[in-house]
Amino acid sequence: MKKFLAASVAALAISVAGVAAADPIKVGVITTLSGGGAGLGVDARDGFLLALKNAGDAAKDIEVVVEDDGQKPELAVQIADKMIQSDQVDILTGIIWSNLAMAVVPSAVAQDKFYLSVNAGPSPLAGSQCHANYFNVAYQNDNFHEAMGQYANETYKKTVIMAPNYPAGTDSLTGFKRYYKQELAGEIYTQVGQTDYAAEIAQIRASGADSLFIFLPGGMGISFMKQYAQSGVEIPVIGPGFSFSQDVLPAIGDAALGVKNSASWSQDVDNEASKKFVETFQAEYGRLPSIYAAQAYDTGSLIVSAAGKASVKDADAFRTALKAAEFESVRGKFSFNTNNHPIQDIYVREVIKDGDVLTNKIIATAFTDHGDAYAEQCALK
């Protein structure tokens, strides 16, 4: 599968660059393609490139450079500097992890480059450190967790909450608590990249909780859910869609069945853009897309839309075209708030088995036209 992905992405990158005009838009994709978080970055890369392929001639002037950040902030900074200074990219995108985004984004936008986030949405970049050249096409970090706080508030009475100790982790628990008004049975912070959760599971077992909210993306969630299932603890698990996205469900296995989670998109969203995305993603890559792929696909589609209206060399006009968000989102309704972060619906999903394939099914709408709590701190209007 790795060889297939590498070959298909290389061919797609060549085809996109090969039809580029003499003065193309150049996009630098910095994402995680190795290590424990590689599945997230692979899905984001593949979703982004698929959007350009599906756009056909509308994307003919877009050239893409892809590099692996290894989930290391210092490496992401080095790559961004090289892409800006040597590759002379016009737009940066692709970063999955919030600590990497905080290391790269402020410097990139200060150098008059556009940054479009396919995933990471740390609260400072939505509030006090917002910037006219920074657009988040995914969410603000708190959003999906807020949705599960709302769900838990109506369903449970005593929840223990857990996340890794880095910007997205602290944002996640902040977001959950913003809407959850019942009793907290405990608040646990783990290490980023942690693989052994015996101590945390013992703490959860002893907490007296009637529910467990976790935010553990990528390999962290896989390790935890397997160990949790083996422990015999029967406290039900809920979480954001990142912890139960399509990229990790096969690795978690049946331990994920029945878990309620939140997301702005699911493969069963009923709109034509989403149906085309799911169908073509499966045909291109031989697997179902995750929320990471969906967000990156929308990011690619947004760039194509803006490029059809304005030159990226005219920053004001291109910024206006991005802000209009006139593209067919796989999420259906989509618009930008004053801080260039999404206003969108957020769903509650349940992990089910469709034949032999684990996936998610929408069971409720947690929020309609939901923004974020930090827009009022942003100077943009």
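The values are calculated or read from the model by the stated rules, or taken from the named source; none is laboratory data. Computed from a predicted model, the values in this text were never measured in an experiment. Cβ coordinates were reconstructed from backbone atoms using ideal geometry, including for glycine residues, and neighbour counts include every protein chain displayed. Areas reflect the complete protein model, heavy atoms only, side chains present, ligands, DNA and RNA absent. Shrake-Rupley method; radii C 1.70, N 1.55, O 1.52, S 1.80 Å.
The table for this structure:
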item: With every protein chain in place, segment 210-313: carbon and sulfur % of accessible area (1.4 Å); result: 50
item: Cα point-scatterer Debye curve for segment 275-362, base-10 log of I(q)/I(0) at q = 0.11, 0.13, 0.17 Å⁻¹; result: -0.40, -0.54, -0.82
item: DSSP bridge orientation in the chain - percent antiparallel, rounded to nearest 5; result: 35
item: Under 12 Å from K181, Cα to Cα: aspartates and glutamates that are on another chain or at least 8 residues apart; result: E146, E154
item: Relative packing of peptides 295-305, 154-164 - highest average C-beta neighbours within 10 Å first; result: 295-305, 154-164
item: Å² per residue, accessible surface of the chain at 1.4 Å; result: 37
item: 0 to 90° range, to nearest 10: angle between helix 291-307 axis and the chain longest Cα axis; result: 20
item: Neighbour net charge for F334 - beta-carbon separation under 11 angstrom, K R +1, D E -1; result: -3
item: Cross-link pairs K53/K260; K276/K361; K309/K381; K26/K53 - those with Cα-Cα distance over 26 Å; result: K53/K260
item: Euclidean distance between Cα centres, segment 133-155 to segment 338-381, Å; result: 6
item: Over the chain: helical MRE at 222 nm, DSSP H runs n ≥ 4 each giving -39500 (n - 2.57), nearest 500; result: -13000 deg cm²/dmol
item: Dimensions (Å) - the chain, Cα atoms, principal axes, largest first; result: 64, 45, 39
item: Around L40: net Lys/Arg minus Asp/Glu count, Cβ-Cβ under 13 Å; result: -4
item: Amide H contacts of D345 (H built 1.01 Å from N, under 5 Å, at least 5 apart or other chain); result: D369, H370
item: Whether segment 124-196 is rounded, prolate or oblate, judged on the alpha carbon gyration tensor where a/c under 1.5 counts as rounded; result: oblate
item: Cut-off 10 Å between beta-carbons: net charge of the residues surrounding N133, Lys and Arg +1, Asp and Glu -1; result: +1
item: Among A373, F318, V29 the positive-end extreme of the charge dipole of the chain (Cβ point charges); result: A373
